[in-house]
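A.B. asks: Below: one structure in structure tokens.
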Amino acid sequence: MSQFSKTSFLYSLLRIYSNFIYRRWFNTIEVNGEGNIPEGEPVIFAPNHQNGLIDAMALLSSSPQPVVFWVRADLFKNKVVGAVLRSLKMMPAYRMRNGIQNLKKNVESIEHSDDVLLNDQFLCLMPEGGQEEQRTLRPLVKGIFRAAFSAQEKMENGKWVRIVPTGIDYGHYDKSGRHLVVTFGKPISIKDYKKSYEENAPVALNQIKEELANRIEPLMLNIRSAENYETIYAAAYLYNWRMLQEMNVPDNETNRLAARQRIVDILQCAETESSCSELFEELKAVCEEWCNKNKDVAFSAKMQEYEGLDADLIVKVFYLILTLPLQLYSIVMNGLQFLICKAGGKKMRGTGFEASVKFGLAGILLPITYIILTTIFGLSYSPDAMTTLCFAISLPLSFFFFQRYRWKFQYVKERLKIFFTKPKEPKRVESIIDQIRSLLGK
């Protein structure tokens, strides 16, 4: 049994800790389709890949058991980092960009993957082979299928490797306090392709690749248009509430995602429909105007759904005022760590690893600084152990309060901005899409 198939006590503790922190990175987490994960069977998760190691954490925090990951090989260049990643059940995946001479090193990773699956453990390979901060399903690569067939050839207990398509949707790739939706789809059994694979492996690989892409797409927001990506993305959020009401379903992030998927389908039809060309150009201009005024397109679009000074806004304003002293304490205890994490993430902006760096730095810095602060407090100010203990407990609580105060402040700030500026773009977008839908009969 390889090191990746074993779960050490230290790994179990780290998993509990990382999952605890990760689940507080988001304001809302919704996991769907857990019943689609086979029990007591070899499983390979196949998620869309848009957000670095945060995607891996989405799987790890949603899975009922530990998951072994293939990750990009260049992260293992540093021997210390490589050793840490391997201890966290991550193995290197070499691609053509790593040099054709290094591709043969994947043989070792395949052997480890075989061992993981033969022991009914969970494996995760990103089938797109890379990442990009866009809500688009890119062409799949064949590495995941080769790993599946390799393990299947060694199965002697009548079990079949299952590939579970997985969709991940974020409210924002790099900012905390937004939503996360993870959806597990119906698994694909290698059994259905084994005979075809034995007869003609390339044909079978293409068939299963197409099937997997078809199963991942309904689980995520897939904007296929490269030319009009920003327009369709902004419109999907600006029309989100209207479509949700029309669908007559509960207001949650899973249903909001389904509503955005419908909007995207409609607009991608309109994009190529000559009768809609004039309206689509108008929509493009309005959405561009909205994006120029609002850097956080999705958040600003959601905030415009509220009207006027309602009770929720007034309550949150008073909450921010009354709890300001607590926030000042939280800033003193966590401000430096926050700035370090923010600066570290900024260096990775646009790479798909900004949130990964922020999350990783926070996970390391916070406990270290809390231990230092507690030691200083205990030795310098505290007359007894109980007071020191209370101070130590207040530190992580202050960080979670600090984060949530920031989220509420952003909410209030955006609501007030909309109240005073009264933007016209949302209503114009709704009107244009209504006309497009009428022309398309949708």
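A.B. asks: Could you check how many residues of region 103-124 are at pLDDT 80 or above and open to solvent by 10 Å² or more (accessible area, probe 1.4 Å)?
C.D. replies: The total comes to 8.
A.B. asks: Can you find a residue that is open to solvent by 30 Å² or more (accessible area, probe 1.4 Å) and either of a type in the set (Lys, Arg) or touching a Cys at 6+ places or on another chain (Cβ under 9 Å) (or both) anywhere in region 129-137?
C.D. replies: Looking through region 129-137, none of the residues is open to solvent by 30 Å² or more (accessible area, probe 1.4 Å) and either of a type in the set (Lys, Arg) or touching a Cys at 6+ places or on another chain (Cβ under 9 Å) (or both).
A.B. asks: How many residues are under 30 Å from Ser225 (Cβ atoms) and in contact with a Ser or Thr (Cβ under 6 Å, 6 or more places away or on another chain) when one looks only at region 127-170?
C.D. replies: First, pick out the residues of region 127-170 that are under 30 Å from Ser225 (Cβ atoms): 127-145, 163-170.
Subset that is in contact with a Ser or Thr (Cβ under 6 Å, 6 or more places away or on another chain): 167.
The qualifying residues number 1.
A.B. asks: Which residue is least open to solvent (accessible area, probe 1.4 Å), if the candidates are limited to region 416-425 and must be within 15 Å of Lys295 (Cα to Cα) and part of a helix (DSSP H, G or I)?
C.D. replies: Of the residues in region 416-425, the ones within 15 Å of Lys295 (Cα to Cα) are 417-418, 423, 425.
Keeping just the survivors that are part of a helix (DSSP H, G or I) gives 417-418, 425.
On the way: Lys417: 78, Ile418: 22, Glu425: 6 Å².
Applying the filter and picking the extreme gives Glu425.
A.B. asks: Restricting region 305-355 to residues that are free of Cβ contacts under 8 Å to residues at least 60 places away in the same chain and not in a helix (DSSP H, G or I), which is farthest from Thr374 (Cα to Cα)?
C.D. replies: Looking at residues that are free of Cβ contacts under 8 Å to residues at least 60 places away in the same chain and not in a helix (DSSP H, G or I), I get Glu307.
A.B. asks: For region 156-180, name all the residues that are farther than 16 Å from Ile37 by Cβ and part of a strand (DSSP E or B).
C.D. replies: Initial filter on region 156-180 (farther than 16 Å from Ile37 by Cβ): 156-158, 169-180.
Scanning region 156-180 gives Asp169, Tyr170, His179, Leu180.
A.B. asks: Which residues, taken from region 58-71, are touching a Phe, Trp or Tyr at 6+ places or on another chain (Cβ under 7 Å) and either modelled with pLDDT of 95 or more or over 13 Å from Leu123 (Cα atoms) (or both)?
C.D. replies: Matches in region 58-71: Ser61 only.
A.B. asks: When Phe359 is evaluated against the numbered criteria (1) in contact (Cβ under 8 Å) with a residue 24 or more places away in the chain; (2) open to solvent by 30 Å² or more (accessible area, probe 1.4 Å), which criterion, by number, is the only one it fails?
C.D. replies: Failing condition for Phe359: (2).
A.B. asks: State which residue is surrounded by the most Cβ atoms within 10 Å (Cβ to Cβ) when the search covers only region 12-31 and only residues that are in contact with a Ser or Thr (Cβ under 7 Å, 6 or more places away or on another chain) and assigned to a helix (DSSP H, G or I).
C.D. replies: Tyr22
A.B. asks: A further question on this structure: What are the pairs, 6+ residues apart or on separate chains, where a residue within region 376-392 that is part of a loop (DSSP other than H, G, I, E, B) has its Cβ under 7 Å from a residue that is surrounded by 16 or more Cβ atoms within 10 Å (Cβ to Cβ) and modelled with pLDDT of 90 or more?
C.D. replies: Taking only residues 6 or more apart or on different chains, the pairs are Ser382/Thr388; Ser382/Phe391.
A.B. asks: Among the residues in region 32-51, are any under 27 Å from Lys209 (Cα atoms), surrounded by fewer than 18 Cβ atoms within 10 Å (Cβ to Cβ) and β-branched (Val, Ile, Thr)?
C.D. replies: no
A.B. asks: Same structure, new question: Checking the structure you have, find out if any residue of region 60-76 is open to solvent by less than 30 Å² (accessible area, probe 1.4 Å), in contact with an Asp or Glu (Cβ under 8 Å, 6 or more places away or on another chain), within 21 Å of Asn222 (Cβ to Cβ) and not in a loop (DSSP other than H, G, I, E, B). I'd like the intermediate steps shown before the answer.
C.D. replies: Filtering region 60-76 for residues open to solvent by less than 30 Å² (accessible area, probe 1.4 Å) gives 60-63, 66-69, 71, 73, 76.
Within this subset, residues satisfying the condition of being in contact with an Asp or Glu (Cβ under 8 Å, 6 or more places away or on another chain) are 62.
Now restrict to residues that are within 21 Å of Asn222 (Cβ to Cβ): 62.
Of the ones still in play, those that are also not in a loop (DSSP other than H, G, I, E, B) are 62.
Yes.
A.B. asks: In region 295-328, what residues are open to solvent by less than 80 Å² (accessible area, probe 1.4 Å) and of a type in the set (Ser, Thr, Tyr)?
C.D. replies: Once the filter is applied, which keeps residues that are open to solvent by less than 80 Å² (accessible area, probe 1.4 Å) and of a type in the set (Ser, Thr, Tyr), region 295-328 yields Ser300, Tyr319, Thr323.
The values are calculated or read from the model by the stated rules, or taken from the named source; none is laboratory data. Note that the structure is predicted; figures quoted are calculated from it, not measured. Here Cβ is always computed from backbone atoms with ideal geometry, including for glycine, and neighbour counts include all displayed protein chains. Note: areas computed on protein heavy atoms with side chains; ligands, DNA, RNA excluded. Shrake-Rupley method; radii C 1.70, N 1.55, O 1.52, S 1.80 Å.
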